[in-house]
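The values are calculated or read from the model by the stated rules, or taken from the named source; none is laboratory data. Here the structure is a predicted model, which means the values were calculated and not measured. A quick note on method: Cβ atoms are made from the backbone with ideal geometry, for glycine too, and the neighbour counts reach across all protein chains shown. Keep in mind that these areas ignore ligands, DNA and RNA; they rest on the heavy atoms of the full protein, side chains included. Shrake-Rupley method; radii C 1.70, N 1.55, O 1.52, S 1.80 Å.
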Amino acid sequence: MTTFVSSTDVPVSNADPFGPDILDNPLPFQSELRDVGPVVYLDRYDVFAMGRYEQVHAALTDWQGFQSAAGVGLTNYLYEKPWRPPSLLLETDPPHHDAPRAVLSKILGPRALSRLLVSWLADAEDLVDSVLEAGTEFDAVTELAEAFPLRVFPDAVGIPDEGRDKLLPYGDHLFNTFGPANSLVEKGAPRIAEIAGWVDAQCARNMLSDDGFGAQIWAAADRGDITYEQAPLVVRSLLSAGVDTTVNGLAALLHGLARYPEQWARLRAAPETLARTAFDEAVRWESPVQTFFRTATRDMRVGGATIPQGRKILMFLGAANRDPRRWENPDDFDLARNPSGHVGYGMGIHQCVGQHVARLESEALLRALAARVESIELAGTAKRRLNNTLRSWESIPVEIRPR
Ligand code: OVV
């Protein structure tokens, strides 16, 4: 990253954080970004960027100053048309944000989810048993990180079986569209009309089982907590944000456990307690959602720089989660650390409303694995899948030793 200090006191970088080199390994760029200053101007995209924990955290918790309603991708909805109707959760601010958020918080809250643990544990045990039966070498991405969420989450939402293979490609494309219209977006474009059409169709009341998260969203419309027009878009948020995020969180976790056998040993020794924090340490360490944008609602002073009203700021959640100003040995995947306060789920009023669902999926899968697996090790070169927003794995070959 070559930088110089402009007349406005903001360091300028010509780096492309959405180019293949930085997407493949963002860590050196993110380290420079943090060191260059609290705010950096990215001249390729004409946006500002923040990489330090302090400023990222502060901006995320200041929704009045840093809005989401102009979109949390590069596209500025004040001037450009979104590719799909904006999310009522992700791409709004109070007061519009309040009702959909309150409805979803309740449906996805820890109390409401507690009824799912027993059946998700049984599902995880069944999945792990059948994977182990098929052999001791397998791809942890397809066989576990993708298989488990796909087995439990669409059922929990209540969508039909037909077409579920579209969920991962939909998420992959959606998360690409938060970045610039580069080759990653082009790659998804040919199929997106068909895939998005399918996703939208699943949000209708008559498509949904009568006991899932989807039905509960529609029931909230019956009560008047949200409108009937809002209900299908709130269901769409589950299908948008609920699969690829968890899949990549689990992939990061499994990769961390395979690469650092001492962490697996630690988990094995205390699965009841560590199964819960392990996922959050993986989310801090890998930051499956690497970046989101905000938009300045007025001229914002940050660390001596001014971000003019209406301008986009790229918030590097991944850089903040490895900021040595905030974390000791930030690059270590360490189950002994307390990862709370990480910004991998965001922070403030938009902080991930589905995080309890993701943690529960992880807890079920880890408990099933810990009870059945003695050791888990890398058995080949893990391969990245590049995405403009997600830190993702294509495959993680592992070899396990059953207990
Ligand atoms: C956090 C997130 C990511 C992608 C989509 C959505 C939310 C949504 O609400 O549609």
Given 198-211, 29-42, the highest-first ranking by average Cβ count within 10 Å works out to 29-42, 198-211
For the chain, report the accessible area per residue in Å² (1.4 Å probe, heavy atoms, rounded to an integer).
41
What span do the alpha-carbon atoms of segment 309-403 cover on each of the three principal axes, reported in whole Å from largest to smallest?
58, 27, 27
Quick one: with all protein chains in place, what share of the accessible area of segment 159-217 is carbon or sulfur, to the nearest percent (1.4 Å probe)?
55
What pairs in LYS81/LYS187; LYS187/LYS312; LYS187/LYS383 have C-alpha atoms more than 29 Å from each other?
none
Dividing the alpha-carbon radius of gyration of segment 101-159 by 2.2 N^0.38 Å, where N counts its residues, gives 1.36
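Gain in length, SER130 to SER114, computed as 0.36 nm per residue apart minus the alpha-carbon separation, to one decimal in nm?
Difference between extended and current length: 3.2 nm.
How large a share of the accessible area of segment 286-372, in percent, is made up of carbon and sulfur atoms when the probe is 1.4 Å and the other protein chains stay in place? Each step should come with its number before you reach the end.
Working: 1290 of 2900 Å².
Carbon-and-sulfur percentage of accessible area, whole number: 45.
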For the chain, the charge dipole (Cβ of Lys, Arg +1; Cβ of Asp, Glu -1; about the Cα centre) points to a positive end, and the Cα of HIS356, TRP264, GLY224 closest to that extreme belongs to GLY224
Rounded to the nearest angstrom and ordered from largest down, what semi-axes does the equivalent ellipsoid of segment 1-125 get from its C-alpha gyration tensor (root of 5λ)?
35, 21, 15
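Working from the pairwise distances between different alpha carbons, so that the mean of 1/r is found and then inverted, what is segment 163-215's Kirkwood radius in Å? Walk me through the intermediate numbers first.
Values: mean 1/r = 0.0820 Å⁻¹.
Hydrodynamic radius (Kirkwood, Cα pairs) of segment 163-215 is 12.2 Å.
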Just want to confirm a number: the relative contact order over segment 205-261, from Cα pairs under 8 angstrom separated by 6+ residues, in percent.
21
If the elastic network links every pair of Cα atoms under 10 Å, which of GLY380, GLY171, GLY344 fluctuates the most in the Gaussian network model of the chain?
GLY380
Excluding same-chain residues fewer than 8 positions from LYS166, which aspartates and glutamates have a Cα within less than 19 Å of its Cα?
GLU143, GLU146, ASP155, GLU186, GLU194, ASP200, ASP244, GLU394
If each Cα of segment 213-330 is one equal point scatterer, what is log10 of I(q)/I(0) from the Debye formula at q = 0.10, 0.12, 0.20 Å⁻¹?
-0.54, -0.73, -1.05
Quick check: at a probe of 1.4 Å, how many percent of the accessible area of segment 1-145 sits on carbon and sulfur atoms?
53
Relative to 2.2 N^0.38 Å, what does the C-alpha radius of gyration of the chain come to as a ratio? Two decimals please.
0.96
